1. Any chance you could run the full-extension gain for Asp232 through Ala273? It's 0.36 nm times the residue separation minus the Cα-Cα distance, nm to one decimal.
2. Remind me, relative contact order of the chain in percent, using alpha carbon pairs under 8 angstrom and six or more residues apart?
3. With equal scatterers on the alpha carbons only and no solvent term, can you work out the Debye log10 of I(q)/I(0) for the chain at 0.10, 0.11, 0.13 1/Å?
4. Place +1 on the Cβ of every Lys and Arg and -1 on the Cβ of every Asp and Glu in the chain, take the dipole about the Cα centre, and give the residue among Gly160, Pro111, Val250 whose Cα lies farthest towards its positive end.
Amino acid sequence: MTDTYTPPAVWTWDKSNGGQFASTNRPIAGPTHDKDLPKGAHPFQLYSLATPNGVKVTVLFEELLAAGETGAEYDAWLIKIGDGDQFGSGFVGVNPNSKIPALEDRSGATPIRVFESGAILLHLAEKFGKFLGKPETRPEMLSWLFWQMGSAPYLGGGFGHFYAYAPEKWEYPINRFAMETKRQLDVLDRELADKPFIAGDEYTIADIAIWSWYGQLVLGRLYNAAEFLEVDSYKNVMRWATEIDARPAVQRGRMVNRVFGEPETQLHERHDASDFDTKTQDKLAAE
């Protein structure tokens, strides 16, 4: 940075500041408009977008269905955060924090809301008794799940924002968050040196959570930063990310609520397994 910023005595909101996603941020909570959420026929109603946090949940749903859990059928409704859908009264009722993903579990007598991607993963994994690992490795799995939830803001809100989305490129924050992102990749690389998955021998929700951010990062899908961060040097992370990426359920899950990239990678909404058919993909991508 060339200019020194002197903080004012009292901070005020400058709506013109914030870069590409400025319209999605504001210093107050609550709805900005009345809008009911759509409801489908399945036990789970997901309101999301295929950001890394959204991908976590759709991957788990597809993994549960692939594992034979027919009770995990879900409707995935698109939330266009650039249009402010997350500030509608219906969405705020499911997630008062106005962030995707948000889930309404209607599988019981009384619908319940679940928000925060890690909470949704844990809720679904416990409900179906899948992807939790062995009892003796569950503390390790939970540690890595919470590690991801605490680390992702440094990657997305820190490195991703200043490197890819900020209105100006500033050396200090890019260097600061690049350093932290590389430290986190090194943490993962060392852990994955002698085990197939992050908590041990079994694929768990911790892998799903971490892959959605760091796996997609090393595979070149986030921030166009793979070369800048020298991700190829993290051999163990790359091996792990590539193996998870090859899972059919992961390939389906990362398509759901996706409205960017190549048309064949997009499935704007998902209401049935048949929605993955080519004709349905083409129809939705053309909307």
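Values quoted throughout were computed directly from the atomic coordinates according to the rules given, and no laboratory measurement underlies them. This is a predicted model, so every value here is computed, not measured. No Cβ is skipped: glycine too gets one built from the backbone with ideal geometry, and neighbour counts run over all protein chains shown.
1. Value of the extension gain: 11.3 nm.
2. This gives 21 percent for the chain.
3. Debye intensities relative to I(0), on a log10 scale: -0.56, -0.68, -0.95.
4. Pro111
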